[in-house]
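Read through the structure below, which is laid out as structure tokens, and then see the notes.
Nothing in this text is a laboratory measurement; each read-out follows from the coordinates by a stated rule. Because the structure is predicted, anything quoted here is derived from the model rather than measured. Here the Cβ is made from the backbone with ideal geometry for all residues, glycine too, and neighbour counts use every protein chain on show.
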Amino acid sequence: MQVFWHRDDLRRTDNVGLTAAADGGEPVQPLIIDDAARDAERGRRAAELHRRGMAALVTSYRADDIKVVCAAGDPAEVIDGFVGEQPATVVHCNRVDTPVGRARTDAVAAVCTARGIDLEVHVDHVLVDPATLASSYPSYSAFRRAWQREPIIEPTAAPPAGAFDGIDRGAPSERVGAAIDLPTAGEAAAMAQLDAFVTTALPAYADRRDDLEGAVADAIGPVSELSPYLARGMIGARTVYAAAAPGDDRGARKFRDELCWREFYQHLLFHNPQLPFEDYRTDQGAIAWREDEPGLAAWMAGMTGYPLVDAGMRQLAERGYIHNRPRQVAASFLCKHLLVDWRVGMAHFADLLTDHDVASNAGNWQWIGSTGTDTVRCRIFDPVAQARKYDPTGAFIRRWVPELRALETDAIINWPTLEAAQREQLAPSYAHPIVDRDAAYDRAQRVVTAAVESQQTG
């Protein structure tokens, strides 16, 4: 018997490790483990979506009369107990590069060694194995050029039911609730979302991905909303890439570029396991972050007095998702306008995002915090200019900041620049700006520049 341990790969199709197990010449026993220790790493809402994904996977297996074992606990203990009962020869799993994921792999490897059986760890979560590339690149563009030269394997079909045999035991963990409506979990739901996106939105993706008005108006918005499924492994990266690969239009090319960005951050985490904890840049001094509890609380609550920031933060709280453009603006506001440590923002996003991915979250926050891979040493997103450019009618802000819904668009966009008395008259229930726009910009420039220069002169 060959055991396949499902981890962040809650699907049967396009699953490298599962396919390898099925090709091993012995019956395969799927094993699904609810590992509570990884919930903190995944984040509260993402962990709940993961649990629902496990339940959907069990249902999928059993609908085809495939026996599956469900268990809860430490994977090393669960696998040790299972292979002690069953005549297993090989345990297969797909690699997980997060800090806890690495520790889990090492512990299971020790168990397998003690039991005298093989552990085969496969690369499934990326299109190109980071181990095949250089450990670092001077920029994203340099990474992309190297990444594009590597072959990408085709997605595989689900192994036939005849490849499986074993025992049927246990039930999926009970749902604990997420306080919000989560995306429908499971491989079938992920494939349906991919089909809807490719059919409806992919051709115009390059032109509409930052269209906040469109994101409010369309049932299938300008973006794919596949990230929760990719993060939980309910759909394979190769499947998503293949759906966009045939197209040579701007939309398909831009979408493939976004998949490459995802690969870039996975690459960073693989080669830098401390990415969620330590500054990636070593060519500058530490940034002098500030303690600002009132500012942080206002940011979390979506009451900064900067409408686009607040719209994004309220969308995050209510939906567990934040559109990419306001995601960047809100993150920049925390790190640059308030000068709060990127790790604080990263932890808040991790807790609330249904699409939380350790690599992408850490990589993006470091990029926005000027401690990561951004080639611009002090990038600052101006919330007013960003709103004017990407939400010119105020549709997105009106959707998420109802206090401003009745105002003229110019007043909404320019809210932080209005006189206090005017703001009080127009929308007395909405927040005044918690920080001066120009003063905060100048302060961020000084502080980041000082960090850069301290290394140069040190």
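General observations
- Residues whose amide H comes within less than 5 Å of that of Thr156, counting only those at least five positions distant or on another chain, are Asp14, Asn15 (H built at 1.01 Å from N in the peptide plane).
- With neighbour counts taken as other beta-carbon atoms within 10 Å, the residues Met54, Met234, Met191 rank, fewest first, as Met191, Met54, Met234.
- Cα radius of gyration and Dmax for segment 293-457 (Å): 15.7, 53
- Put simply, the C-alpha atoms of segment 252-339 give a gyration tensor, and the ellipsoid matching it has half-axes of 26, 21, 11 Å, longest first.
- Three-way shape label, segment 121-231, alpha-carbon gyration tensor, a/c 1.5: oblate
- Charging the Cβ of each Asp and Glu at -1 and of each Lys and Arg at +1, and nothing else, the dipole of the chain about its Cα centre rounds to 700 debye.
- Amide H partners (placed H, <5 Å) of His122, local residues excluded: Cys93, Asn94, Arg95
- Alpha carbon centroid spacing (whole Å) that separates segment 176-253 from segment 360-374: 23 Å
- Comparing segment 189-271 with the 2.2 N^0.38 Å rule of thumb, its C-alpha radius of gyration ratio is 1.07 (two decimals).
- Projected area averaged over orientations for the chain, convex hull of C-alpha atoms, nm²: 22.6 nm²
- Note on Glu213, Glu293, Glu278: ascending count of other Cβ atoms within 10 Å places them as Glu293, Glu278, Glu213, the fewest first.
- Residues Phe264, Phe333, ranked from the fewest to the most other C-beta atoms within 10 Å, line up as Phe264, Phe333.
- Using a cutoff of 8 angstrom between alpha carbon atoms and counting only pairs six or more residues apart, the relative contact order for segment 298-436 works out to 28 percent.
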